[in-house]
Amino acid sequence: MMLIEETAIADAALPVDQFKAHLRLGTGFAEDSVQDDVLKGFLRAAVAAIEARTGKVLIERDFSWSLTAWRDQSGEVLPVAPVTELKSVTLADADGAETVVTPDRYRLEKDTQRPRLRPMGSLMPKMPKGGSVRIVFAAGMAMDWGGLPADLGQAVLLLAAHYYEYRDETALGAGCMPFGVTSLIQRYRTVRFGAGVMQ
């Protein structure tokens, strides 16, 4: 399985001015934009970390997901949420020859936690022996920064500020995330069930 981000978050979608205000950086100087690229990097890192922790895509963009076998013939759970549109499903044989599956053979079952690619019939399209399938889809909670829930937007700013303030720190433990950020994103985390245990 391989998930690829086909389109990146546009620079214009990043809240650079809000981040500057959050950091209380000075304004009104000729060099106001000198740190913009650095700030965008911290914002992108914060978005990526929160998306990884929650399994939710914040700003809508396109992804492709490749599989070598269906895990469930009655419907494939997609790797991130929320999925807003299925763009294509393409089967490839062992030699790489591709066949585009017509949209009348599948549908999107929308879900905020576990969206699925479902067949219109009873089973998913047959996977060629030694082949693969590539699913292209759009996912995201909002089209732009202003459409995000306020708590997620605040979590991104807090985490980006943490990265900015501690950019030279090397002693923090792996996966360290400030408490304020973890509490803001807690309700968006996917609840997983397995072996009778809720995680």
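The values are calculated or read from the model by the stated rules, or taken from the named source; none is laboratory data. Computed from a predicted structure; not experimentally measured. Neighbour counts run over all protein chains shown; Cβ positions are idealised from the backbone, glycine included. Remember, those area values only see protein heavy atoms, side chains included, never the ligands or the DNA or RNA. Shrake-Rupley method; radii C 1.70, N 1.55, O 1.52, S 1.80 Å.
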Check: Could you give the angle, 0 to 90 degrees to the nearest 10, between helix 36-54's Cα long axis and the longest principal axis of the Cα atoms of the chain?
Finding: 50 degrees
Item checked: Selected from 127, 101, 140, residue furthest toward positive end of dipole (the stretch 89-146; charges at beta carbon) -> 127
Note to self: What are the ³J(HN,Hα) couplings of the stretch 124-132, residue after residue, when phi is run through the Karplus curve with 6.51, -1.76, 1.60 and θ = phi - 60°? Round to Hz, x for glycine and proline.
What the structure shows: 5, x, 5, 7, x, 4, x, x, 7
Check: Stretch residue 94-residue 168 to full length: gain in nm at 0.36 nm per residue minus the Cα-Cα span?
Finding: 21.9 nm
Checklist line | Karplus 3J(HN,Hα) series, Hz, for the stretch 62-79 with 6.51 cos²θ - 1.76 cosθ + 1.60 (x for Gly, Pro) | finding: 9, 9, 10, 10, 10, 10, 9, 7, 6, 7, 8, 5, 8, x, 9, 6, 7, x
Check: What do you reckon, how do 179, 137 stack up by accessible area (1.4 Å probe), largest on top?
Finding: 179, 137
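May I ask you to give the solvent-accessible area per residue for the chain, in square angstrom, as obtained with a 1.4 angstrom probe?
57 Å²
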Checklist line | Residue (of 10, 22, 78) at the positive-pole extreme of the chain, dipole from beta-carbon charges | finding: 78
Check: Picking from 184, 58, 157, which is most flexible by a Gaussian network model of the chain using Cα springs under 10 Å?
Finding: 184
Notebook entry, point to check: Given (1) 11.5; (2) 12.3; (3) 14.6, which label gives mean projected area of the Cα convex hull in nm² as computed from the coordinates?
Noted result: (3)
Next item on the list: Could you tell me the number of lysine pairs in the chain with C-alpha atoms less than 23 Å from each other, where the two lysines are 8 or more residues apart or belong to different chains?
Entry: 7
Next item on the list: Return the long-range amide H neighbours of residue 58 (sequence gap of 5 or more, or a different chain), with a cut-off of under 5 Å between placed amide H atoms.
Entry: 141
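What ranking of 143, 177 comes out by heavy-atom accessible area, probe 1.4 Å, highest first?
143, 177
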Check: Relative contact order (percent) for the chain, with alpha-carbon contacts under 8 angstrom and 6 or more residues of separation?
Finding: 26 percent
Check: Per-residue HN-Hα couplings for the stretch 91-99, Karplus 6.51 cos²θ - 1.76 cosθ + 1.60 at θ = phi - 60°, whole Hz, x for Gly and Pro?
Finding: 8, 10, 7, 4, 8, x, 5, 9, 10
Note to self: Could you work out what % of the accessible surface of the chain is carbon and sulfur, using a 1.4 angstrom probe and leaving DNA, RNA and ligands out of the count?
What the structure shows: 53 percent
